[in-house]
1. Across segment 53-76, what is the total count of residues that are touching a residue at least 60 places away in the same chain (Cβ under 8 Å) and acidic (Asp, Glu)?
2. Check Thr123 against each of (1) closer than 19 Å to Glu234 by Cα; (2) exposed (fewer than 13 other Cβ atoms within 10 Å of the Cβ); (3) modelled with pLDDT of 95 or more and name the one condition it does not meet.
3. Condition first: of a type in the set (Gly, Ala, Ser) and surrounded by 17 or more Cβ atoms within 10 Å (Cβ to Cβ). Now tell me which residues in segment 156-183 satisfy that.
4. In the set Thr54, Thr41, Thr23, Thr35, which member is modelled with pLDDT of 85 or more and β-branched (Val, Ile, Thr)?
5. Would it be correct to say that Asp186 is at pLDDT 90 or above, over 30 Å from Val60 (Cβ atoms) and either surrounded by 17 or more Cβ atoms within 10 Å (Cβ to Cβ) or not small (Gly, Ala, Ser) (or both)?
6. Any residue that is in contact with a Gly (Cβ under 6 Å, 6 or more places away or on another chain), under 23 Å from Lys253 (Cα atoms) and crowded, with 21+ Cβ neighbours inside 10 Å - is there at least one of those in segment 138-155?
7. Test Phe203 against the criterion of being free of Cβ contacts under 8 Å to residues at least 40 places away in the same chain and crowded, with 19+ Cβ neighbours inside 10 Å, and give yes or no.
Amino acid sequence: MRKRKNYKLSSAMLLLVIPIVATIVSWSIYKKINTLDSVPTFANKNSYKIEALTVYSIQVGALTDKNQTSIVVKDLEENRIPNYIVTKGNLNKINSYMFLDKEQTRSLLEDVRGNYSDAFLVTSQIPAINLSYSKEHSYLRDVGKKIDLILENMKKESNFWYSYREGNLETEEYLKIIEERKNILDEMKQYTMNIDKEETKEFNANLLVFINNVREKIDTIDGNMQKQDMFSCEKIYIDSIFEYLKFVESLRKRS
């Protein structure tokens, strides 16, 4: 990462316009997700638990000023550092990177602090899901297993991006991970097409939104690879994790 001006960021400024280049996450979703222990689905004796997903990033500042925010986001983008903004009222927290391993994220902290002196490690958790089901809804167990496979796949991709940041430029492993995710999503979609129970209609609809949104993002990867635009591919990885967060939040709303 090239050296640039050291920013000590104030947390009392007002952001008027949020740049398009950053991913924006509503705090109302982000905060609620992080305060839940587990999201229930259906009240029945059999259950399948999908474990919580812990996510790590580096916060470089909490801003409310339009110009300062634009400068920081532009700087991160120019240095090919993925970033996203979590909004809380008028306060916008600018985060860089996203990994599913704490030590990998921590290893990048000092480098980030060289340019953003107030940067610190942020730990967030997307809660566990309890898929409770009766014999009639036993297919939910299979859906749960597929979701577990998606989360394992995301962990593989997280490891790839850390390795990529460390200088491993081989993309063959990345394409393998993405192909695996495509297959899992396609299998999950088959389940949604076969679910016609009224009790699981809403769950099914929310699951389908998650599948389609992630699949749509994956479909843009080939174009990025042809342009050798790995930075955009890394952003898709982060967006996919936020798609999962939104899916879990949809379960919270119905519980």
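The values are calculated or read from the model by the stated rules, or taken from the named source; none is laboratory data. Computed from a predicted model, the values in this text were never measured in an experiment. Because the Cβ atoms are built from the backbone with ideal geometry, glycine has one as well, and the counts that use them run over all protein chains shown.
1. Matching residues across segment 53-76 total 1.
2. Exception for Thr123: condition (1).
3. Pass one, segment 156-183, residues of a type in the set (Gly, Ala, Ser): 158, 163, 167.
Listed by number, the list holds a single entry, Ser158.
4. Numbers: Thr41 fails: modelled with pLDDT of 85 or more; Thr23 fails: modelled with pLDDT of 85 or more; Thr35 fails: modelled with pLDDT of 85 or more.
Residue meeting the stated conditions: Thr54.
5. Numbers: at pLDDT 90 or above: yes; over 30 Å from Val60 (Cβ atoms): yes; either surrounded by 17 or more Cβ atoms within 10 Å (Cβ to Cβ) or not small (Gly, Ala, Ser) (or both): yes.
Yes; evaluated as a whole, the condition is true for this residue.
6. The initial filter retains those residues of segment 138-155 that are in contact with a Gly (Cβ under 6 Å, 6 or more places away or on another chain), namely none.
Within segment 138-155, none of the residues are in contact with a Gly (Cβ under 6 Å, 6 or more places away or on another chain), under 23 Å from Lys253 (Cα atoms) and crowded, with 21+ Cβ neighbours inside 10 Å.
7. Working: free of Cβ contacts under 8 Å to residues at least 40 places away in the same chain: no; crowded, with 19+ Cβ neighbours inside 10 Å: yes.
Considered against the rule, which asks whether it is free of Cβ contacts under 8 Å to residues at least 40 places away in the same chain and crowded, with 19+ Cβ neighbours inside 10 Å, Phe203 comes out as no.
Every residue, every condition in (1) modelled with pLDDT of 95 or more; (2) of a type in the set (Gly, Ala, Ser), yes or no:
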{"site": "Glu152", "(1), (2)": "yes, no"}
{"site": "Ser163", "(1), (2)": "yes, yes"}
{"site": "Thr192", "(1), (2)": "no, no"}
{"site": "Lys201", "(1), (2)": "no, no"}
